1. Could we say that residue B:78 is surrounded by fewer than 20 Cβ atoms within 10 Å (Cβ to Cβ), more than 14 Å from every other protein chain (Cβ to nearest Cβ) and of a type in the set (Lys, Arg) here?
2. Can you tell me how many residues within region B:45-92 are away from ligand 1 (no atom under 11 Å from the Cβ), part of a loop (DSSP other than H, G, I, E, B) and touching a residue at least 24 places away in the same chain (Cβ under 8 Å)?
3. Looking only at residues in region B:121-133 that are more than 10 Å from chain A (Cβ to nearest Cβ) and not in a helix (DSSP H, G or I), which one is surrounded by the most Cβ atoms within 10 Å (Cβ to Cβ)?
4. Residues that are at positive phi and within 14 Å of another protein chain (Cβ to nearest Cβ): does region B:150-173 have at least one?
5. Working only within region A:208-241, note down all residues that are closer than 17 Å to residue A:57 by Cα and in a loop (DSSP other than H, G, I, E, B).
6. When the residues of region B:109-120 are narrowed to those that are over 19 Å from residue B:199 (Cα atoms) and facing another protein chain (nearest Cβ under 9 Å), which ends up nearest to the chain's Cα centre (by Cα)?
7. Take the residues of region B:177-191 that are in contact (Cβ under 8 Å) with a residue 40 or more places away in the chain and in a loop (DSSP other than H, G, I, E, B): which is farthest from ligand 1 (Cβ to nearest atom)?
8. Give the residue, chosen from B:173, B:163, B:145, B:137, that is in a helix (DSSP H, G or I) and under 20 Å from residue B:68 (Cβ atoms).
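The values are calculated or read from the model by the stated rules, or taken from the named source; none is laboratory data. Not measured: the values here are computed from a predicted model. Please note: Cβ atoms are built from the backbone with ideal geometry, for glycine as well, and neighbour counts cover all protein chains shown.
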Amino acid sequence: MKDMKRITNALALAVFWIAGLTTVVVLGAVILYVFVNGIGHLNLAFIFTKPHGVNAEGGIWPMIVSTMYVTGLAMVIVTPIAVLAAVYLAEYAVQGRLVRIIRFAADTLAGVPSIVMGLFGLALFVEGMGFGFSVLSGALALSFLMLPIVMRTTEEAIRAVPKFIRWGSYGLGATKWQTVSRIVLPAAMPRIITGLILATGRAVGETAVVIFTMGTMINTPLLPTDPGRSMTVHLYQMAMEGINLPAAFGTALLLMVMILFFNLSARWLLRRNRRMQG
Amino acid sequence: MSHTLAEHQPGFVPTADACVKIAVRGLDFFYGDFQALTDITCDIRDNSVTAFIGPSGCGKSTFLRCFNRMNDLIIGTKVEGLITLDGQDIYAPGVDPVDLRRRIGMIFQQPNPFPMSIYDNVAYGPRLHGMKKKADLDEVVETSLKRANLWKEVKDILGRGGLTLSGGQQQRLCIARVLAVQPDVLLMDEPCSAIDPTSVQKIEDLMAELKSTVTIIIVTHNMQQAARVSDETAFFLQEVMGEPAMLVEFGRTADIFTSPKDKRTEDYITGRFG
Ligand SMILES: Nc1ncnc2c1ncn2[C@@H]1O[C@H](COP(=O)(O)OP(=O)(O)O)[C@@H](O)[C@H]1O
Ligand SMILES: [Mg+2]
């Protein structure tokens with residue numbers, strides 16, 4: 001009887017261990033694969049020069065600029081809207097039907113397949129509003145994708161600020177807005193920024209939305225109305241159209257490095273914050 | 001102390017007695033359907049320390065939060081009866097609780113410094129109320145920290161985070177933060193139950209120094225502390241679970257601890273002493 005128990009226990013433990021290990025192995029395999037194939041191609045010239053020739057030899061600088069530009073602009077658009085919406089939801093809204101509807105809408109929006117969002121962006125921004133294939137169209141469509149993520153993480157960050165800290169502020173004769181803007185938002189800031197970084201990582205890796213809205217033209221965009229090609233789209237074309245596989249792997253490796261950087265900095269921020277607040 | 005029926009009528013404002021800072025008449029308090037306090041009547045004397053004692057859950061914190069209308073922040077609460085501050089009804093329609101809270105500071109059981117520097121914690125209130133000049137702020141920060149018995153320990157580390165201090169220091173920082181807005185009344189809800197003995201001593205000392213200018217009300221579970229620091233004591237009791245609590249006895253601390261008039265007060269005090 002006792003032996004059975006011990007064996008079941010050990011077995012269960014082994015199963016969990018293997019399941020956990022699988023995750024690590026898969027991640028390791030993907031990283032290793034991309035690394036081995038891409039590292040030979042990754043150098044300063046690859047990063048900082050333009051592609052040339054029919055096979056897009058050379059570097060991917062325009063794609064890096066396009067990606068950063070569209071992501072940065074999307075951040076600028078999404079941050080104020082998401083934060084204001086979250087403040088409203090967490091602090092001001094009477095917790096009732098309307099709030100439940102907004103939250104449900106955000107969750108559903110987060111679940112919309114990105115290719116559908118791309119199609120929507122094409123219809124609304126590229127054609128409807130006449131922004132054409134441009135960084136602006138791409139950023140607007142991406143911001144739709146980021147909005148629910150940033151809004152929900154911000155709302156949770158605001159709710160996580162302890163009640164007794166707010167009370168300290170109210171007790172000194174602060175109004176609600178003073179309390180929210182001077183105490184609650186700064187206290188929630190590290191977690192809000194973490195949410196933003198994670199959403200940014202998601203946006204950098206997004207393909208479907210930008211192919212429909214920013215286009216595929218190899219171009220170093222200057223104005224928001226200029227078209228561009230994101231790194232992911234470039235990767236797709238290099239690989240699927242068999243033009244230049246090494247360039248595809250080089251791009252993939254750089255993308256992974258960027259996203260890894262975003263995730264690590266988000267973790268670092270959270271950790272530092274936890275240490276500071278004890 | 002006896003009160004006539006007329007004094008229980010809504011809208012009645014007791015004549016401003018120079019010695020009475022806060023007057024409470026026939027106060028009932030409700031959390032939704034649950035009545036937490038019934039028919040509380042008492043006078044809090046100016047420039048004195050009043051202790052609220054009683055078992056857990058008898059509404060001491062609830063009553064304390066009535067004075068600065070902190071209960072307004074809890075949805076579904078209702079106050080009936082009258083509370084006056086310097087003869088003015090604090091629940092009158094024209095009264096803004098935000099203004100009231102500048103005059104009535106509050107210290108909580110759990111020290112709650114803001115996640116910012118020591119200096120900014122203390123300067124928070126004055127800044128809220130429009131103080132901008134660095135020299136003015138510097139002065140308020142220094143005076144308030146001195147009054148809170150914390151200056152010596154932090155004068156060289158004002159830029160450090162308030163949360164890096166020890167629990168007892170944090171509590172004194174919270175006191176300094178409240179003193180910086182120069183309240184006439186200081187409400188302290190079990191301020192010493194979560195901190196080290198050295199800080200407790202320092203807080204008791206500062207209470208004695210402050211009471212010449214500030215009226216202090218302190219909730220405490222520690223009978224010795226109540227006896228040490230207070231001039232008057234109020235004993236609250238919820239006799240039946242689910243029923244509202246009431247004020248059993250209110251009087252000079254020396255009398256309450258040596259010759260309580262009510263048997264229930266005596267039981268509570270002796271029970272606690274040993
Ligand atoms: N926010 C609240 N909502 C509902 N009931 C509450 C709330 N806070 C306190 N109470 C109830 O009111 C009564 C008095 O509580 P409290 O004032 O905290 O007592 P004390 O401070 O004397 O321990 C208790 O029965 C408690 O459960
Ligand atoms: Mg209490």
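1. So residue B:78 fits the description; yes.
2. Within region B:45-92, residues that are away from ligand 1 (no atom under 11 Å from the Cβ), part of a loop (DSSP other than H, G, I, E, B) and touching a residue at least 24 places away in the same chain (Cβ under 8 Å) number 7.
3. B:131
4. Checking region B:150-173: not a single residue is at positive phi and within 14 Å of another protein chain (Cβ to nearest Cβ).
5. A:216, A:217, A:218, A:219, A:220, A:229, A:230, A:241
6. Result: B:114.
7. Within region B:177-191, the match that is farthest from ligand 1 (Cβ to nearest atom) is B:180.
8. Checking each option against the conditions leaves just B:173.
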